[in-house]
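Every number in this text was worked out from the coordinates using simple rules, so none of it is lab data. Quick caveat: nothing in here was measured; it's all calculated off a predicted structure. Note that each Cβ is placed from the backbone with ideal geometry, even for glycine, and that neighbours are counted across all protein chains shown.
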Amino acid sequence: MSRDSGRTGSGGKVRRLRAVGQSSVPPSPPPEVEEAISVASQAYEELSATGQQVHFEIDAPNRAVDVELRDLHGNPLSTISASEALRIAGGGSLQ
């Protein structure tokens, strides 16, 4: 079941949003999503235990993603590639 709902956007313009019926949203994520969340959570815990975190920033003019390894106070430690960040998030070790 869906219905349109008018919302006022910036400048007073009305946008139409379509409400999604509850029957189209699963009660829980698929198993492969649950597994990916678990692996990423473990990577986060391992980084935190070593006093590190990964920071992502979008470089819009260059259409790139900048990724930094930082300490827990936000101070940059090094720059890593986006593929390296994905490898770490996927359970790879920090080298």
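So the values come out like this:
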{"read-out": "By average C-beta atoms within 10 angstrom, highest first, the peptides 64-73, 51-60", "value": "64-73, 51-60"}
{"read-out": "Table column - 3J(HN,Hα) (Hz), the stretch 28-39, Karplus curve with 6.51, -1.76, 1.60, x for Gly and Pro", "value": "8, x, x, x, 5, 6, 4, 5, 4, 5, 5, 5"}
{"read-out": "Cα centre as origin, Lys/Arg/Asp/Glu Cβ charges: the stretch 30-83 dipole, Debye", "value": "200 debye"}
{"read-out": "Highest-first arrangement of 43-49, 30-36, where packing means the average Cβ count within 10 Å", "value": "43-49, 30-36"}
